[in-house]
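Remarks on the structure that follows.
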Number of protein chains: 2
Amino acid sequence: MSSLPNSLKNISLFLERLPGIGEKTANRLAFFLLNLPEEDLKEFAENVSDLKLKTKLCKNCFNFTEKEICEICDNSERDQSIICVVETVLDLLSFEQGRIYNGVYHVLHGKIDPLNRVGPDDIKINELINRIKLSHSAKASLGTKITEVILATNPDMEGEATAVYISNKLRIKNSELRISRLAYGLPMGANLEYADYMTLKKAIEGRNKF
Amino acid sequence: MSSLPNSLKNISLFLERLPGIGEKTANRLAFFLLNLPEEDLKEFAENVSDLKLKTKLCKNCFNFTEKEICEICDNSERDQSIICVVETVLDLLSFEQGRIYNGVYHVLHGKIDPLNRVGPDDIKINELINRIKLSHSAKASLGTKITEVILATNPDMEGEATAVYISNKLRIKNSELRISRLAYGLPMGANLEYADYMTLKKAIEGRNKF
């Protein structure tokens, strides 16, 4: 590294802080930047510089947005009565890329994870409960009443715990609300031979009439 | 992507242009940037913006530098009479990280690759020949005379061709110059069982007295 000029070294050291990027990759990326057009670099630099100023969380669902309310919450063509609860905005994007869901979202920005000292109050669970409560209150005559919550946290230990916690909380407050969880089973195109036994167990438990 | 605000989308689209970074990784990196301190982002943006302005090629060896001559060429403790010829600055960094070589370098910035229309004149071969010629000329009483050239291009087809081309060119002009090539053989810690046969062939051909 000592043989790199500072102009490159600083960029390389910054890139090395990003997840999944080691020293060699950081160097390679910095060298690649050097070959890009000047104006593209300037534009990128401006975007990076303004990033935190411009990007906010949607007041409703905590998706990223440049306005007060994100595009999805602001879209009248989407079913505002179903909320899909996801851990991160990346999860939200996965659903959106498939165009398979026409409801709205609630981004928790994390999952309950006691080992890493993340409790229920550290993620947007209370905001979810309040959002649902508000939509059911007499005053909220303008908003759509929320009738279903799909718990789409990841199928790992912390994601499960988060889903259980939220469903318990919601059930106490609201008996008529439909609460669902994503289906477990074999992924499409999978090979039974290589499936793990937990997935197979879930696939058998959740078998459907054919 | 449509559900991302422009502030994030622009950064993500830029990152996607970098080698080895796809859409998902680009999104993940953009989100990660959002969590970094404001001042770090500003500093990085400034560095990116100034990158092309500040970074030049060393007039001597074509390493990256912010000055006219790079740190390595400018270092009087290094043996200026041996030149290690590499394809890229990344290769140079590999040698430097190991601190295994105390001579100087010459960066070709590519290799002869007819399929991709890269000929001998597209990389810094003429500059290498001139550099050596100059050090041997009567006028260059100040500089050190170059006595050895180590051809450290990669052991692939194009790297080999480049090494052969350069050695032929140099031998015509200069019969007293020592020209060497990196040794081929088994990498340290390798397992014979998994070595490819070309490597094994080279390891046998190049066997040493023990």
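Kindly establish whether residue A:120 is without any contact (Cβ under 8 Å) to a residue 40 or more places away in the chain and either more than 20 Å from residue A:178 (Cβ to Cβ) or in contact with a helix residue (DSSP H, G or I) (Cβ under 6 Å, 6 or more places away or on another chain) (or both). So residue A:120 does not fit the description; no. The listed residues are B:55, B:144, and the only one of them that is within 14 Å of chain A (Cβ to nearest Cβ) and among the polar types (S, T, N, Q) turns out to be B:55.
Considering only the stretch A:82-92, I want to know if a residue exists there that is surrounded by fewer than 20 Cβ atoms within 10 Å (Cβ to Cβ) and more than 13 Å from chain B (Cβ to nearest Cβ). Within the stretch A:82-92, one or more residues are surrounded by fewer than 20 Cβ atoms within 10 Å (Cβ to Cβ) and more than 13 Å from chain B (Cβ to nearest Cβ).
Each row is one residue, and each column tells you yes or no for (1) within 16 Å of the chain's Cα centre (by Cα); (2) surrounded by 15 or more Cβ atoms within 10 Å (Cβ to Cβ); (3) closer than 29 Å to residue A:205 by Cβ; (4) not assigned by TED's automatic domain parsing to the domain that holds residue A:92.
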| position | (1), (2), (3), (4) |
| --- | --- |
| A:119 | no, no, no, no |
| A:126 | no, no, no, no |
| A:144 | no, no, no, no |
| A:150 | yes, yes, yes, no |
| A:161 | no, yes, yes, no |
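When residues in the stretch A:21-52 are screened for being within 7 Å of another protein chain (Cβ to nearest Cβ) and of a type in the set (Gly, Ala, Ser), 2 of them pass. Among the conditions (1) out of contact with any helix residue (DSSP H, G or I) (no Cβ under 7 Å at 6 or more places or on another chain); (2) not assigned by TED's automatic domain parsing to the domain that holds residue A:104, the only one that residue A:83 does not satisfy is (2). Is there a residue being on the phi > 0 side of the Ramachandran plot, out of contact with any Ser or Thr (no Cβ under 6 Å at 6 or more places or on another chain) and free of Cβ contacts under 8 Å to residues at least 60 places away in the same chain anywhere in the stretch A:75-89? Scanning the stretch A:75-89, I find no residue that is on the phi > 0 side of the Ramachandran plot, out of contact with any Ser or Thr (no Cβ under 6 Å at 6 or more places or on another chain) and free of Cβ contacts under 8 Å to residues at least 60 places away in the same chain, so the answer is no.
Note on the stretch A:17-33: residues that are of a type outside the set (Lys, Arg) and either buried (at least 16 other Cβ atoms within 10 Å of the Cβ) or touching a residue at least 60 places away in the same chain (Cβ under 8 Å) (or both) amount to 9.
Is it fair to say residue B:130 is among the polar types (S, T, N, Q), out of contact with any helix residue (DSSP H, G or I) (no Cβ under 8 Å at 6 or more places or on another chain), surrounded by fewer than 14 Cβ atoms within 10 Å (Cβ to Cβ) and closer than 21 Å to residue B:70 by Cα? If you could, list the steps in order and put the result at the bottom.
Numbers: among the polar types (S, T, N, Q): yes; out of contact with any helix residue (DSSP H, G or I) (no Cβ under 8 Å at 6 or more places or on another chain): yes; surrounded by fewer than 14 Cβ atoms within 10 Å (Cβ to Cβ): yes; closer than 21 Å to residue B:70 by Cα: yes.
Considered against the rule, which asks whether it is among the polar types (S, T, N, Q), out of contact with any helix residue (DSSP H, G or I) (no Cβ under 8 Å at 6 or more places or on another chain), surrounded by fewer than 14 Cβ atoms within 10 Å (Cβ to Cβ) and closer than 21 Å to residue B:70 by Cα, residue B:130 comes out as yes.
The values are calculated or read from the model by the stated rules, or taken from the named source; none is laboratory data. Here the structure is a predicted model, which is why all the values come from computation and not from measurement. Here Cβ is always computed from backbone atoms with ideal geometry, including for glycine, and neighbour counts include all displayed protein chains.
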